[in-house]
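Following: one structure in structure tokens, then a few remarks.
Where a number appears in this text, it was derived from the coordinates with a stated rule and is not lab data. Please read all numbers here as calculations on a predicted model, not as lab measurements. Methodologically, a virtual Cβ is constructed for each residue, glycine included, from the backbone with ideal geometry; neighbour enumeration extends over all protein chains shown.
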Amino acid sequence: MSTFGASLTSRKHILVASTPDGQYRSKEALSDEFDLKFASTLREAQNLLEDGHFHMVIAGVHFDDSQMFELLHFVRSKDQWSQIPFVVIQAQDGAFEVMESIKKVADHLGATGFLRLHDLTPRTANKVLRTAVKNTLSAAEKQKQSPGK
């Protein structure tokens, strides 16, 4: 097997459940390092999860007319995905109080993180997203290796 082929098989698989704009931005930020699968609807996301193996889920606040909470509940209610990181992204502007409430509910339902990218330049948002994904995956891997801690 070539070195190129070996590196492809070791890439982490991430499900991105988002609006088309969010999918484009995620692809721009992450596709060079991660294997991304995209879902525009809750049903698509559920089907992809059931058919594949993912190391992380990224969901936009506005995913499928605000179905992000349903996807988060679906992921956390299944043993096989209950421990994978689930990061919520706010890429569009919204009232601060509303976004704070969304963050609190997402935290309560088991989201791993909440990223506010809406007021950043695209370049900075890409860097923040890439760094957050790498750090979250690294922390999840460490936790898997030492579950007693």
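Among residues other than D64 with Cβ under 11 Å from its Cβ, the summed charge is -2 (Lys and Arg +1, Asp and Glu -1). Stretching the chain fully between E33 and T124 yields a gain of 31.0 nm (0.36 nm per residue, less the alpha carbon separation).
The distance between label points at Q80 and R43 comes to 2.1 nm (points 7 Å beyond Cα on the Cα→Cβ vector).
Amide hydrogen proximity for I58: with H placed 1.01 Å from N in the peptide plane, the residues at 5 or more positions away or on another chain lying under 5 Å are L15, V16, A17, V87. Taking other residues whose beta carbon is less than 15 angstrom from the beta carbon of H53, and scoring Lys, Arg as +1 and Asp, Glu as -1, yields 0. Note on the chain: helix-only mean residue ellipticity at 222 nm, from DSSP H runs of 4+ residues weighted -39500 (n - 2.57) and normalised by residue number, equals -16000 deg cm²/dmol. Pairs with C-alpha atoms separated by more than 25 Å, drawn from the list K27/K103; K12/K104; K27/K104; K12/K78, are K12/K104; K27/K104. Computed from backbone phi, the HN-Hα couplings of segment 127-138 come to 5, 4, 5, 4, 5, 4, 5, 4, 5, 5, 5, 5 Hz, rounded to whole numbers (Karplus: 6.51 cos²θ - 1.76 cosθ + 1.60, θ = phi - 60°; Gly and Pro given as x).
Our coupling estimate for segment 59-66, obtained by passing each phi through the Karplus curve with A = 6.51, B = -1.76, C = 1.60 and θ = phi - 60°, is 10, x, 4, 9, 4, 6, 6, 6 Hz, Gly and Pro reported as x. As a calculated quantity, the FRET efficiency between K104 and E70 at R0 = 25 Å, using C-beta atoms, amounts to about 0.90.
In the chain, Rg over Rh equals 0.96, where Rg is the alpha-carbon radius of gyration and Rh the Kirkwood radius from pairwise Cα distances.
Measuring how big segment 71-140 is from its alpha-carbon positions, Rg and Dmax come out at 12.9, 37 Å.
Subtracting the Cα-Cα distance of K142 and Q92 from their residue separation scaled by 0.36 nm leaves 14.8 nm. As a rough footprinting exposure proxy, the listed residues M68, M99 were ranked by other beta carbons within 10 Å of their own, and the order from fewest upward is M99, M68. Net charge in the neighbourhood of E44 (other residues with Cβ under 13 Å of its Cβ; Lys, Arg +1, Asp, Glu -1) is -2.
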